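The values are calculated or read from the model by the stated rules, or taken from the named source; none is laboratory data. Everything numeric here is computed off the predicted structure, so don't read it as measured data. Cβ coordinates were reconstructed from backbone atoms using ideal geometry, including for glycine residues, and neighbour counts include every protein chain displayed. In case anyone asks, the SASA skips ligands and DNA or RNA and just uses the protein heavy atoms, side chains included. Shrake-Rupley method; radii C 1.70, N 1.55, O 1.52, S 1.80 Å.
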Amino acid sequence: MMAPSPSILPLELRDVSFEAGGKRLVKDFSCTFAGGKRSIVLGPNGAGKSLLLRLCHGLIRPSAGEVIWHGAGGGIDPASRQAMVFQRPVMLRRSVAANVDYALSLRGLDRSRRTALVDEALARAGLSRLAASPARVLSVGEQQKLALARVWALKPEVLFLDEPTASLDPSATHGVEEIIAAIHAAGTRIIMTTHDLGQARRLADEVLFLHRGRLLERATAEAFFAQPKNDLAQAFIRGELLWWRRGRDNLAARPGAPSEEGDPPCTVH
Amino acid sequence: MTDFGAAFAAAFAMVAGFDPDLAEIVGLSLQVSLLAVGLATVIGLPVGAAVALFRFPGRTALVVALNALMGLPPVVVGLIVYLLLSRAGPFGVLGLLFTPTAMIIAQVLLVTPIIAALTRQVVEDLWVEYEDQMRSLGAGPARALTALLWDGRFTLITAVLAGFGRASAEVGAVMIVGGNIDHVTRVMTTAIALEVSKGDLALALGLGIVLMTLSLAVNAAAFLVKETAQRHYG
Ligand SMILES: Nc1ncnc2c1ncn2[C@@H]1O[C@H](COP(=O)(O)OP(=O)(O)O)[C@@H](O)[C@H]1O
Ligand SMILES: [Mg+2]
């Protein structure tokens, strides 16, 4: 079931920065991901969550610093032990089953072994009845499930998920979260971004809070949701509107002065 | 006016009755153009895809050249092939001038840039959409190439049909290198061009009708392929 040992983990980011268009978008990022847990990367839009995952997964190279798979080496290619699900997955213009099969063929599995793995992955994701349908005409939710089935078949040791439910309705979101939980239960390390606090509460073992390309806090889910240490993170989980302008608002929040926020802080469940 | 009407009637009669002269010319035309387009496709698809996916010195120049060559005047292509194949030319010993082979060579030169340039555009657009996903699954440009061509297949079919349309309708290149020799290199366009002046209006019109029908059919096919494929495969 699990990827063959030895593990490619831990994954270490050492002083990783990423620049594009003259701007530093990820700044001096250092952290280590060991085995087992589900890490949820939280942060507002534009915080650098997607860039962080792309850096970890090797789709972009850091401008400075290093991304190190400590368990790799000795003939192990870390790329072959990890997978990623994108916010908007790309499906090839072929059948549902053929999409899973293609991913397996890229990993060098021969046809005789692929068939069973494809069937198994589709069954687990609840897509068996759609196996022969063209993948691109599936609904967004079904396509996301197919993206999960596709990576599940690869049995990765580490799975990156970038806002996998951002464009889904609640029932599709539920289905996707169940599949993610099952993939994790089967032994895959989950590193996932979201800006959905409810989802983070449901799935996180630990939380990394990002803001403007910086890692501001890393804590167990329990500690983070009880009371984050960082005050921007506090504002974020209270769901304060315009929370990132807090510093400025505090100056304006003299008694009697009109608050820039307008509404009182509301809480997201 | 009566001449004109009579010519039309005679033309339709020839088409309807599969007149042997007419059928021979149409047959040779199809043979030359289909072979030329087949070869141009075999060359143009990989060349276009490679230019789309790989970075190499001179790539930009090649992209510009391919786009410019799309509009190559057929007579110029004819002239170049003529010079290459003429007895004094570098390939003169092959004795290919005024044969169907010469016509196929000219049309391959004419159509390959069209197919290659359109393929480059299609594959490059697809790669923008697919790159992260493909790299994540473990496919760099080289391994993704065939999958990208396959995913672009419906647009690429229309590119090939566009190439066929150009090949079957051009007159300049096949005239110069083929010579419109009766029973040997006479194709629809050259026959129309020359039979009119010789007064065989019925044959010219009959061929015109076939050519028009062919062109309409090719365009309709291109449209239908795209439409139905889009609906079924998304
Ligand atoms: N290739 C790029 N060039 C320039 N800016 C980029 C690039 N990729 C991302 N950005 C910018 O970096 C910031 C972080 O992006 P991203 O990681 O996508 O944020 P998010 O946390 O919403 O996923 C955004 O402001 C985005 O506009
Ligand atoms: Mg993002």
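Points to keep in mind about this one:
- Within chain A, helix-based [θ] at 222 nm, where runs of 4 or more DSSP H residues each add -39,500 (n - 2.57), nearest 500: -10000 deg cm²/dmol
- Tensor-based shape of chain B (alpha-carbon gyration tensor, a/c under 1.5 rounded, otherwise prolate or oblate): oblate
- Farthest toward positive dipole pole in region B:89-171 [+1 Lys/Arg, -1 Asp/Glu at C-beta], among B:G152, B:L110, B:P141: B:L110
- Total accessible area lost when A and B pair, probe 1.4 Å, Å² to nearest 100: 1900
- Convex hull volume per residue in cubic angstrom - Cα atoms of region A:74-203: 105
- Each residue of region B:118-124 was assigned a 3J(HN,Hα) from its phi angle through the Karplus curve 6.51 cos²θ - 1.76 cosθ + 1.60 (θ = phi - 60°); the sequence is 5, 4, 4, 4, 4, 5, 5 Hz, with glycine and proline shown as x.
- Once all protein chains are placed together, A:R136 keeps about 50 Å² accessible to a 1.4 angstrom probe.
- By a 1.4 Å probe calculation restricted to protein chains, B:L216 has an accessible surface near 120 Å², given to the nearest 10.
- Computed over region B:2-233: relative contact order in percent, which uses C-alpha pairs under 8 Å that are six or more apart: 32
- A:R202 sits among other residues whose Cβ lies under 15 Å from its own Cβ, and their net charge, with Lys and Arg +1 and Asp and Glu -1, is -4.
- Dipole of the protein assembly as shown, positive end: most advanced residue of A:A181, A:G141, A:G126 [Cβ charges, Cα centre]: A:A181
- Counting only protein heavy atoms and using a 1.4 Å probe, the accessible area of B:F12 comes to about 110 Å².
- For peptide A:87-94, the mean count of partner chain Cβ atoms within 10 Å of a residue's Cβ comes to 5.
- Carbon/sulfur fraction of accessible area - region B:1-44, other protein chains in place, 1.4 Å, %: 77
- Computed over protein heavy atoms with a 1.4 Å probe, the accessible surface of the protein assembly as shown works out to 47 Å² per residue.
- Each Lys and Arg Cβ is given +1 and each Asp and Glu Cβ -1; about its Cα centre, chain A then shows a dipole of about 580 debye.
- Membrane-span-like helices in chain A, defined here as complete DSSP H runs extending at least 15 Å along the helix axis by their C-alpha atoms with mean Kyte-Doolittle hydropathy no lower than 0.0, are A:96-106, A:140-153, A:170-185; this is a sequence and geometry rule, not a statement about a membrane.
- Whichever aspartates and glutamates have a C-alpha closer than 13 Å to that of A:K155, once near sequence neighbours (fewer than 8 apart) are set aside: A:E120
- Of the listed residues B:T101, B:T60, A:T194, the order by accessible area with a 1.4 Å probe, largest first, is B:T60, B:T101, A:T194.
- Within the accessible area of chain A (1.4 Å probe), percent carbon and sulfur: 52
- Distance between region A:81-124 and region B:79-146 - C-alpha centres, whole angstrom: 33
- Largest-first ellipsoid semi-axes for the protein assembly as shown, taking √(5λ) over the Cα gyration tensor eigenvalues, angstrom: 62, 24, 23
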